[in-house]
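The values are calculated or read from the model by the stated rules, or taken from the named source; none is laboratory data. Computed from a prediction, not measured in an experiment: that's the story for all the values here. Cβ coordinates were reconstructed from backbone atoms using ideal geometry, including for glycine residues, and neighbour counts include every protein chain displayed. For the accessible areas, the whole protein counts, side chains as well, though only heavy atoms, and no ligand, DNA or RNA atoms are used. Shrake-Rupley method; radii C 1.70, N 1.55, O 1.52, S 1.80 Å.
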Amino acid sequence: MNIIKKIEKKQIEKLAADKKIPNFKAGDTLKIHVKIKDGDKFRIQIFEGVVIARDNGTGNNASFTVRRESYGVGVERKFPLYSPAIEKIEKVRIGRVRRAKLFFLRGLSGKKARIVEDLAATSAEKTNK
C-alpha cells in the first residue's frame, strides 16, 4: 500500500472515531453543525439543505455540496467531509432521486425544487436503529 494512502487512512480513522458521519447520497436533506469563529469565541451554526453532489468519493479529499434556498436566493456550500469545522452531521430526510449530481436544482425554485422523500428507505432506516 502506498505510504500516502496509509497516512490518509490513519487520519480518516481518527476523525471518523470522533464524530459519527451518516451514510448519505445526493438528494438527502442534511443538517450540518458548523463551528463559526466570532471574535475570540466559537459558536455552532446549522446549515440545512439538500445534498446536490458528493465529490472526490473517498479519502481525505472527500467533500459534498449542500444547497438551500434562503429568502428566495439559492445558497450552496461545499464541505470537506472530514473537516474539523464540522461538529456533527444529521440526516433529516432521505430523497428519492435518479441522478448522482443534482445540478439541475440550480435553475429551479419553490415547489419545483422539491425532492420526493423515499418513505421505504426512511422506514427501513428507523427500524434498523
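Structure data summary
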{"quantity": "Scope the stretch 84-106; condition assigned to a helix (DSSP H, G or I) and either open to solvent by 70 Å² or more (accessible area, probe 1.4 Å) or more than 18 Å from ARG68 (Cβ to Cβ) (or both); matching residues", "calculated": "PHE103, PHE104, ARG106"}
{"quantity": "Residues of the stretch 31-76 classified as among the hydrophobic types (A, V, I, L, M, F, W, C), open to solvent by less than 20 Å² (accessible area, probe 1.4 Å) and under 10 Å from the mean Cα position of the chain (by Cα), total", "calculated": "7"}
{"quantity": "Subset of the stretch 1-15 (residues that are part of a helix (DSSP H, G or I), among the aliphatic types (A, V, I, L, M) and open to solvent by 40 Å² or more (accessible area, probe 1.4 Å))", "calculated": "ILE3, ILE4, ILE7, LEU15"}
{"quantity": "Residues of the stretch 108-126 that turn out to be within 10 Å of ARG96 (Cβ to Cβ), open to solvent by 60 Å² or more (accessible area, probe 1.4 Å) and not in a loop (DSSP other than H, G, I, E, B), as a count", "calculated": "2"}
{"quantity": "Close pairs from the stretch 93-121: first of a type in the set (Phe, Trp, Tyr), partner surrounded by 16 or more Cβ atoms within 10 Å (Cβ to Cβ), Cβ under 8 Å, at least 6 apart", "calculated": "PHE103/ILE52; PHE103/ALA53"}
